[in-house]
Amino acid sequence: MSDQTRIEDEVRGLLSADLTSAEFSNRVFGQLDGLFPKLGATEQDRLQIVGTDLWKRAKARLRELEQRDLERARQRAAVEQHADSPV
């Protein structure tokens with residue numbers, strides 16, 4: 001199995017992982033240890049990567065996780081606000 005295939009398989013596996021948006025972003029897109037940066041050594045490579053279906057699916061998943069994290073934060077804030085309210 002080539003490095004590219006292995007890395008792409010790892011990205012596919014993370015698409016369904018239960019991670020926070022920050023964890024997903026760091027693992028998939030992170031500058032230092034992200035999977036996609038490992039695939040693109042040159043600017044030309046990176047331009048090709050961002051046009052792939054896998055890239056688009058990963059970006060869509062990141063947006064989903066960001067929305068989920070935002071909703072969870074709103075729910076926690078509402079619970080905390082309710083708990084702080086005088087009875």
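What follows draws every value from the coordinates through simple rules; no lab data is involved. All of these numbers come straight from a predicted model, not from anything done at the bench. Glycine gets a Cβ as well: all are built from the backbone with ideal geometry, and neighbour counts include every protein chain shown.
By the helix-only formula, in which each DSSP H run with n ≥ 4 contributes -39500 (n - 2.57) and the sum is divided by residues, the chain has a 222 nm mean residue ellipticity of -23500 deg cm²/dmol.
So what's the net charge close to Leu39: Lys and Arg +1, Asp and Glu -1, counting the other residues with Cβ under 15 Å from its Cβ? Present the calculation step by step, with values, prior to reporting the outcome.
Values: positive: Arg6, Arg12, Arg27, Lys38, Arg46, Lys56, Arg57, Lys59; negative: Asp3, Glu8, Asp9, Glu10, Asp33, Glu43, Asp45, Asp53.
That works out to 0.
Running a GNM on the chain with Cα contacts under 10 Å, which residue among Ala22, Ala60, Ala73 ends up with the highest mean-square fluctuation? For the chain, modelled as a Gaussian network with Cα springs under 10 Å, the answer is Ala73. Which angle from 0 to 90°, rounded to the nearest 10, does the C-alpha axis of helix 53-84 make with the longest principal axis of the chain? Taking Cα atoms only, the helix is inclined about 10 degrees.
All other residues with a Cβ under 9 Å from the Cβ of Arg27 taken together, and with Lys, Arg as +1 and Asp, Glu as -1, what is their net charge? Overall, the nearby charge balance is -3. So I have (i) 1.21; (ii) 1.18; (iii) 1.37, and one of them is Rg/Rh (Cα atoms, Kirkwood Rh) calculated from this model. Which one is it? Matching the structure shown: (ii).
Net charge near Thr52: determine it from the other residues with C-beta under 15 Å of the C-beta of Thr52, scoring Lys and Arg +1 and Asp and Glu -1. That works out to +2. Contact order for the chain, expressed relative to its length and based on alpha carbon pairs under 8 Å spaced 6+ residues apart, stands at 27 percent. Here the 3J(HN,Hα) profile of the range 9-25, calculated from phi with Karplus coefficients 6.51, -1.76 and 1.60 at θ = phi - 60°, is 5, 5, 4, 4, x, 6, 4, 10, 6, 8, 10, 6, 4, 5, 4, 4, 4 Hz, Gly and Pro shown as x.
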